[in-house]
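S.K.: Below you will find the structure I want to go over with you.
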Amino acid sequence: MAIDPEATCQTPVEVGVPQSLARTFDIAANLQSQGTSSRAGAGTRYIVRNILRDMIPLVAEAQFSMADLYLTERCLDEADGAYRSILANFPGAIYSSYRQRAQVGIDDVRGQRGSNNTVTEQSKASPKSENLQK
């Protein structure tokens with residue numbers, strides 16, 4: 001994927017994707033509540049379970065792709081929020097691998113923030129050392 005030099009952390013695509021993912025989570029939650037309802041028949045529960053089984057990994061991958069793109073573009077606040085959203089939206093033992101992967105992403109964000117601070121401190125220190133040489 002080509003990186004647009006004019007893109008910012010809030011381009012329309014990046015704003016629309018999180019909204020679409022949030023809507024997908026709402027749909028999944030609605031399906032899950034319908035599938036576990038005492039009024040749902042065995043056929044309905046079977047269908048809902050299969051839809052969710054197929055849908056959840058796709059949603060997770062889409063959210064990871066978005067978070068990874070934010071990280072690549074150095075939109076660190078957005079990346080951190082996307083990874084933390086994964087932590088919140090995928091509870092339970094069955095999704096532990098998603099949470100571990102999200103935690104690695106959060107650690108990567110933290111690492112990039114640390115490297116940004118180091119670069120900033122070095123650039124602030126450079127002019128002083130030049131003045132000392134004069």
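Please treat every number below as a calculation from the coordinates, not as lab data. Not measured: the values here are computed from a predicted model. Ideal geometry is used to build each Cβ from the backbone, glycine not excepted, and the neighbour counts take in all protein chains shown.
S.K.: Under the rule of at least 5 residues apart or a separate chain, name every residue whose amide H is placed under 5 Å from the amide H of Cys9.
M.R.: none
S.K.: I want to check the label-to-label distance for Ile94 and Asp68. Put each point 7 Å from Cα in the C-beta direction and report it in nm to one decimal.
M.R.: Those two pseudo-labels are separated by 2.4 nm.
S.K.: What length, rounded to one decimal in nm, is gained on full extension from Arg49 through to Val104, with 0.36 nm per residue of separation minus their alpha-carbon distance?
M.R.: Full extension from Arg49 to Val104 adds 16.9 nm.
S.K.: Convert each backbone phi in region 73-82 into a coupling constant with the Karplus relation 6.51 cos²θ - 1.76 cosθ + 1.60 (shift: θ = phi - 60°), then list the ³J(HN,Hα) values in order as whole Hz, x for Gly and Pro.
M.R.: Those phi angles translate into 7, 6, 8, 5, 5, 5, 4, 4, x, 5 Hz.
S.K.: When ranked by the protection proxy of mean other Cβ atoms within 10 Å per residue, highest first, what sequence do the peptides 72-82, 101-111 form?
M.R.: In decreasing order of mean packing, 72-82, 101-111 become 72-82, 101-111.
S.K.: Which FRET efficiency value, to the nearest 0.05, do you get for Asp77 and Ile27 by plugging their Cβ-Cβ distance into 1/(1 + (r/R0)^6) with R0 = 22 Å?
M.R.: Numbers: r = 27 Å, r/R0 = 1.22.
Taking R0 as 22 Å, the efficiency between Asp77 and Ile27 is 0.25.
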